[in-house]
Structure formats: C-alpha cells, structure tokens
1. Compute for the chain: radius of gyration divided by Kirkwood radius, i.e. Rg/Rh, restricted to C-alpha atoms, rounded to two decimals.
2. In whole percent, what relative contact order does the chain give with Cα contacts below 8 Å and a gap of six or more residues?
Amino acid sequence: MSVPSRESKLALFRALQRASYGFASYNFRQYALRRTADAFRANAHLADDAAVAAAYQRGTADLAMLRRQARINAEFAPPGYTSVIESTPSSSSSSSSSSSA
C-alpha cells in the first residue's frame, strides 16, 4: 500500500470534520469533532510508511461509518431540533443586564 500524500491526509481530515456536522445532536457532533482531532494528533508522530498507510485506511473506514451514523441520526431527529446548549439566549436576559447598568 502506498503512503498517502499530505494533501490526501488533509482532505481526509476535512471530510471527517464535514461529516461530523451532519449530526443533528450537539453531543454526537462535538464527540465526532473531538475524536477526529484527537486521532490525527495521536497519529501525527507516525514515521513508518506501513503505520501511516494503516492509519489512513482506518480513517477512511471511520469516515464511511461517520457518514452512515450522521444519516441515521438526522433521520430520527425531530424537525427543527436544537439542544439547549445550541439555542441562543433570549433577548430578555440581555436587556435585563443592560438595564441594570
């Protein structure tokens, strides 16, 4: 197996991040983003060509799995779903803090 180029590794990283944004659930989305960054950080030190190629293969398999899971998650999410963490604060809380000043 050939060693993937720097461009193909970066493309895989970006594709994994893009696929992570397919999750409707905040927790799943953040976990996938964190897991992607952690995996690339852990494999940054690999020097052996076989180990780099194996890690790249594992990444492409993870990408396929992530896309499947994001599709399933999006199918079962209620329409217009946003979690409390993602919701924007109401204007009444910001106006009460500014009126007390």
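FYI, it's all coordinate maths here, none of it is from the lab. As the structure is a prediction and not an experimental result, all values here were calculated from the model.
1. Rg divided by Rh gives 1.19.
2. 40
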